[in-house]
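Taking it in order: structure first as structure tokens, then the write-up.
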Amino acid sequence: MSATTEATLPQDPNVRGDVSLDEPVKGREALVRGGHSFHEVTEMVLKVNELPVAKTPNGLKFGIALGGAGFAMFGGYIGYLFWMGPGIWGNNNPVGWAWDIVNFVFWVGIGHAGTLISAILYLFRQKWRTSINRYAEAMTIFAVLAASSCVALHTGRIWMDFYLFPLPNQMGLWPNFRSPLEWDVFAVNTYLFVSLLFWFTGLVPDFATLRDRARVRWRQLFYGMLALGWRGSTRHWVHYEKAYQILAAFSAPLVLSVHTIVSFDFAVSQLPGWHTTIFPPYFVAGAIFSGFAMVQTLMLPARAWLGLKDIVTVKHIENMNKIILLTGTLVGYAYAMEYFVAFYSGNEYEGFTFINRSFGPYSWAYWTMVSCNVISPQLFWFKKIRTSVAWSFVLAFFVNIGMWFERFVITVTSLHRDALVSSWDYFVPVTEVFFLLGTFGLFFFLFLLFVRFFPVIAMAEVKSVMPQANPHWEGYGHGAGHGPGQTAHASAAHGAHS
Amino acid sequence: MSAHAPSKPTDINIPAGSLWTKMPVIGGVLAVVGLGSVLGMAGGEHRARAMFSYLFAFEIFLGLALAALGFLLIDTVARAGWSVVIRRIAETMAATLPLFAILFLPIVTIGYHELYPWTHEHDTVLERKRWFLSDGFFMGRAVFYFVVWTMLSLVMYRSSLAQDATTDEGARNARVRKLWAFAAPGIILYALTQSFAAIDWMMSLMPHWYSTIFGVYFFAASVQAYFAFMALVVMALQRAGVLKDAVTSEHFHDLGKYTFGFTIFWAYIAFSQFVLIWYANIPEETEFYVMRMHGGWGAISYALPVLHFFVPFFFLLSRHVKRKRTGLALGASYVLFMYLVDFYWLILPNFKVEGQPETHFHLVWTDVMALVGMGGAFFALFSFLLARNKVIAINDPRLEESLVHENY
């Protein structure tokens, strides 16, 4: 076993965050490394936000431009779709749902990790979440936007989408409230708005910090408006903590409800491969799984490029990998249970669907899914692998691929060989790849803008889990007492709710 | 957070003369009387009815013991700190699992054909299921489950007892790390065995019916009941004069929160199963609900969402209720009662009364006697094991963290 302890961590901040420590049997590992003061945390987090616009790092500039280009391409593609109709896709009988729905489920699933981290881990008092929640929440919002665009476009006649909403009209036409597709409209919209509210509430104290430190007028105005007059008084913190807790409680059911309803889109049907009772919890586990993988994919490069390794340490990476292992195994349980019951049921059609999935024309997709979702995450049983940044990145990437394929397998393989053998067909995409790339463009464009202008770490929350926030903290060195203003914030916040 | 390190609790042995020390005898007597009368009944013409009572009571207590095992494994893997003060109690509950192997015997001997129609009926669908529902495989699986549960629970239990006696910190820490490594794959074994045990022993009562979520249903229901049960057991132990200061309102608050959380989780799973089967309306799946939604069972079916979800949800929502002993005791007892109702509703409709419609609801004295007997057997072993050791894992490295645990 390595002898590295917190006291003997290397000095180099580029190395320090990647060193894995032995898990303490007693007490808990420090969540932030390097013995930083509150002020140093602020400096670290806001470094990229506070650069003048002209001095945006080239990598970030390039990323935003690339994302923007993808987004623009998406706009063009939507125009083409408007003009031509969904005939530009490979969808045809019997495969009426394909990449449009696959992309939707893929993106909406990714969002779930953000909500799990910010709401459920908050309710479980998992303090390590503070280093990753802001990031993950932002990911949620942009992923839900990408998902919404997929689902809005899949209707074909996009200009008729308002019929999804229960608006009175002269035709006396109402949406079918018994359809899960209609429930989706409400579920996804609720999800988007609650997530946005939650994200914004958490951002308010950090916006205030940005406002107070701003040197130029537009920044003072921009962040000042966003900070909603936050002054950091004890009363503000009390309200903030209450609001945060209530929003967390409201968001927690959303972690389950949104993907449950997405699973209903499939499972209320009578189609073998779609209709099975385990779908709701199975989809939720898969969503969290894919979301954590996406958080890793985004976070691992960012923590290196933005110099945040002391805040997002290998401990955080390891914890997330453990959740990936857990949820990946849960997904494996669901695959196995579905397979088992297909044969336990004695229903020939169920049995056929699963044989066809694993050995039929789309078996390549099925085995891609199984390898990426169930088999490769099992490598995270090894501590060496789950504490390695490179391995984490590669395996998380596999999960992203595997989870896209999972939705493809569910949607397409169940449809392509339906009950009428003469209508069997092999689905081949036509222009859909631009659709998928376009949603990635939208996602990365917004996400990188977020990285450029908003604090990617919830500073105020990270400070509250640092030793300085403990009312019994001994102080910086000998008799240095409490630090500047920010210490008082955190202590006040802590005092207010303990 | 407290400024001072708390001193270790001293009221950690069940005092001689308390009811808990007499419980092995009392429980044993109840077990003999209760199970004896039920099995006596099974010897007569009401064999099937008596064995359904027996299976019902068996699943109730098996569920609690299994959920205790699941809790321990998950708790260990999650490195939970708050729960150390109640861990020994959970370990002791889980350590009763080997007893269930013996209690299972009447089910596969006296009750086998009465309970499980697939053992003697024949039709096309059942023939397709023979690869799974066959005598040899069924028995083999049961043996496997009990071996796994015995292994998992005894390793957790013994390792924790050994920790009490370990004075060397290095040796103790090594033991803790070993347990971490053991518990993680243990969760997989636990999840698979408890799911398939639920399928084998409860789902196959209706051999044509199937539901992929059934194993999760069993998990949700039993874990919800477990947290309620744990809260009540701890309160009873405190009355007997142990852990009076160690287990505080903070721990009860957490037990209440888990009961509350799993109330929602149970409702979520139960609703998912129901709505998907109702919506798709496929005959081989709907038979489960058709049978339960008419006649006498209908009232229970319609009551379950209200009484098993809405009532405990709103009752346990309050922080105040969860932190006060009386409030939590009331909520926990109620949740446990609804757990009984839920399992009764899952198992008993499969018993067909001759000359009565399928939906005929029937509650007979053997149901109560089976519960009393099974509870007697469980508590006899549980209290016997508990009284032999300290009721708290006194040497646990996270004990201090648990003692000063606070919700905020």
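In whole angstrom, note down how far apart the Cα centers of the range B:142-174 and the range B:48-111 are. So the separation of the two Cα centres works out to 16 Å. For the set A:LYS26/A:LYS242; A:LYS315/B:LYS322; A:LYS383/B:LYS178; A:LYS26/B:LYS324; A:LYS61/A:LYS463; A:LYS309/B:LYS257, the pairs lying more than 26 angstrom apart at their alpha carbons are A:LYS26/A:LYS242; A:LYS315/B:LYS322; A:LYS26/B:LYS324; A:LYS61/A:LYS463; A:LYS309/B:LYS257. For B:MET202, no residue whose modelled amide H falls within less than 5 Å of its own remains once neighbours fewer than 5 places apart on the same chain are excluded.
Each of B:GLU127, A:GLU338 was scored by other Cβ atoms within 10 Å of its Cβ. Listed from fewest to most, they are B:GLU127, A:GLU338.
Report note on the peptides B:246-253, A:158-165: ranked by the mean count of other C-beta atoms within 10 Å, highest first, their order is B:246-253, A:158-165.
Averaged over peptide B:207-220, the number of partner chain Cβ atoms lying within 10 Å of each residue's Cβ comes to 5. An oblate overall shape is assigned to the range A:60-159, the ratio a/c of its alpha-carbon gyration tensor axes (a ≥ b ≥ c) being 1.5 or greater and a/b not exceeding b/c.
Residue by residue, the range A:458-473 carries 3J(HN,Hα) couplings of 6, 4, 4, 6, 4, 4, 6, 9, 7, x, 4, 7, 6, x, 9, 5 Hz when phi is fed to the Karplus relation 6.51 cos²θ - 1.76 cosθ + 1.60 (θ = phi - 60°); x denotes Gly or Pro.
Of the DSSP H helices in chain A, those with a Cα length along their own long axis of 24 Å or more and a mean Kyte-Doolittle hydropathy reaching 1.6 comprise A:432-453.
Using helices alone, I'd like the mean residue ellipticity at 222 nm for chain A: each DSSP H run of four-plus residues gives -39500 (n - 2.57), total over residue count, nearest 500. The partial results should precede the final answer.
Values: 17 runs with 299 residues, N = 498.
One gets -20500 deg cm²/dmol as the mean residue ellipticity at 222 nm.
Between amide H atoms placed 1.01 Å from N, distances below 5 Å from A:GLY90 occur with A:VAL430, A:THR431, A:GLU432, all of them 5 or more places distant or on a separate chain.
Our note on the geometry: Cα centres of the range A:174-253 and the range A:271-341, 25 Å apart. Once Rg and the Kirkwood radius are both taken over the C-alpha atoms of the protein assembly as shown, their ratio Rg/Rh works out to 0.97.
Could you give the longest part of chain B that holds none of the trypsin sites (Lys or Arg not before Pro) found in DSSP loops with at most 15 neighbouring Cβ atoms within 10 Å? No qualifying site falls inside B:131-243, the longest such stretch.
Across every direction, the projection of the convex hull enclosing the Cα atoms of chain B has a mean area of 20.3 nm².
Ellipticity at 222 nm from helices only: DSSP H runs of n ≥ 4 in chain B, each -39500 (n - 2.57), divided by the residue count, give -24000 deg cm²/dmol.
The length gained on full extension between A:GLU241 and A:ILE401, counted as 0.36 nm times the residue separation minus their Cα-Cα distance, comes to 53.8 nm. For the range B:146-163, putting each phi into the Karplus relation 6.51 cos²θ - 1.76 cosθ + 1.60 with θ = phi - 60° gives couplings of 5, 5, 4, 5, 4, 4, 4, 6, 6, 4, 4, 5, 5, 4, 5, 5, 4, 4 Hz, in residue order, rounded to whole numbers and with x for Gly and Pro.
Once the Cβ-Cβ distance between B:ASP245 and B:ARG79 is put in as r, and R0 is 30 Å, what FRET efficiency do you end up with, to the nearest 0.05? Step by step, r from the Cβ atoms, then E = 0.80. The range A:70-144 and the range A:1-54 have their alpha-carbon centroids 32 Å apart.
Less than 17 Å from a label point 7 Å out along the Cα-to-Cβ axis of B:ASN13: which backbone N atoms in the range B:358-387 qualify, by residue? Output list for this probe position: B:384-387. The H on the amide N of A:VAL95, modeled in the peptide plane, is under 5 Å from the matching H of no residue at least 5 residues off or on a different chain. Please give the helix B:97-108 orientation as an angle from the longest Cα principal axis of chain B, in degrees from 0 to 90, rounded to the nearest 10. Between the helix axis and the principal axis of chain B, the angle is about 10 degrees.
In whole percent, what relative contact order does the range A:93-449 give with Cα contacts below 8 Å and a gap of six or more residues?
Values: 439 pairs, mean separation 86.3, N = 357.
It comes to 24 percent, rounded to a whole number.
How tilted is helix B:325-347 with respect to the longest principal axis of chain B? Cα atoms for both, answer in degrees (0 to 90, nearest 10). So the inclination is approximately 30 degrees. Taking label positions 7 Å along the Cα-Cβ direction at both A:MET73 and A:VAL394, the computed distance is 2.7 nm, reported to one decimal. Among A:129-138, A:409-418, the peptide with the highest mean count of other Cβ atoms within 10 Å heads the list, and the full ranking is A:129-138, A:409-418.
Helix B:214-239 and the longest principal axis of the Cα set of chain B meet at an angle near 40°.
Could you sort the peptides A:53-65, B:55-67 by per-residue average Cβ neighbour count (10 Å cutoff), highest mean leading?
On the way: A:53-65: 12.6, B:55-67: 25.7.
Put in order of decreasing packing, that is B:55-67, A:53-65.
Per residue of peptide A:338-344, the mean number of Cβ atoms on other chains within 10 Å of the residue Cβ is 5. Peptide B:113-125 has a mean shielding of 0, counted as Cβ atoms of other protein chains within 10 Å of each residue's Cβ.
In order along the range B:303-319, phi translates into HN-Hα couplings of 6, 4, x, 6, 7, 8, 10, 4, 5, x, 4, 6, 5, 7, 5, 6, 4 Hz, rounded to whole numbers, per the Karplus curve 6.51 cos²θ - 1.76 cosθ + 1.60 with θ = phi - 60° and x for Gly and Pro. Estimated translational diffusion coefficient (Stokes-Einstein, Kirkwood radius over Cα pairs, 4 °C, 1.567 mPa s) of chain A: 53 µm² per second.
When the label point is put 7 Å from the Cα of A:ALA152 along its Cα-to-beta-carbon vector, which residues of the range A:168-206 have a backbone N closer than 12 Å? Those under the cut-off are A:189.
Each reported figure results from applying straightforward, stated rules to the coordinates on display, with no laboratory input. On a predicted model such as this, the values are computed, not experimentally measured, just so you know. For neighbour counting, all protein chains shown are included, and Cβ atoms are generated from backbone atoms with ideal geometry for every residue, glycine included.
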